[in-house]
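K.L.:
First the structure, then my questions, so here it is.
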């Protein structure tokens with residue numbers, strides 16, 4: 001069983017994913033890393049979420065940052081969104097993640113802050 005799934009919307013987000021991986025490794029938390037775009041490969045994303053036994057998803061996305069919300073709309077497990085700085089210093093991604101509609105809860109950490117996403121996941125896992 002994988003405790004945390006880290007999904008980034010683009011391979012260019014790998015440095016941020018690696019920040020989360022380092023924290024999870026230090027804490028002895030099992031994880032999986034995938035690059036799946038909510039826009040370019042929605043069927044693959046659906047399949048990944050359905051087949052995942054992960055307890056928490058970390059979703060890393062820039063620009064319109066749809067990935068965290070799409071994941072949250074398809075699971076009742078916690079989703080932590082990490083906005084990526086690309087355009088507008090990441091403010092577009094930050095606001096997209098923070099302003100999810102009712103019924104689609106997504107936790108949001110700071111721009112490019114993969115470390116805090118992993119630390120939040122660790123705290124959620126400790127609730128068991």
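The values are calculated or read from the model by the stated rules, or taken from the named source; none is laboratory data. Fair warning: this is a prediction, and the values are worked out from it, not measured in the lab. Reconstructed Cβ throughout: ideal geometry from the backbone, glycine too, with neighbour counts over all protein chains shown.
K.L.:
Picking from 104, 82, which residue would you name as being crowded, with 23+ Cβ neighbours inside 10 Å and either outside any helix (DSSP H, G or I) or modelled with pLDDT of 95 or more (or both)?
P.N.:
82
K.L.:
Contact list please: Cβ distance under 7 Å, first residue in segment 105-128 and without any contact (Cβ under 8 Å) to a residue 24 or more places away in the chain and on the phi > 0 side of the Ramachandran plot, second residue surrounded by fewer than 21 Cβ atoms within 10 Å (Cβ to Cβ) and outside any loop (DSSP other than H, G, I, E, B), pairs at least six apart or on different chains.
P.N.:
none
K.L.:
Output the number of residues of segment 88-100 satisfying the condition of being in a loop (DSSP other than H, G, I, E, B) and either in contact with a helix residue (DSSP H, G or I) (Cβ under 8 Å, 6 or more places away or on another chain) or within 10 Å of residue 62 (Cβ to Cβ) (or both).
P.N.:
Residues meeting the conditions: 1.
K.L.:
Same structure, new question: Filter segment 112-128 down to residues that are surrounded by fewer than 17 Cβ atoms within 10 Å (Cβ to Cβ) and in a loop (DSSP other than H, G, I, E, B) and give me whichever is modelled with the lowest pLDDT.
P.N.:
128
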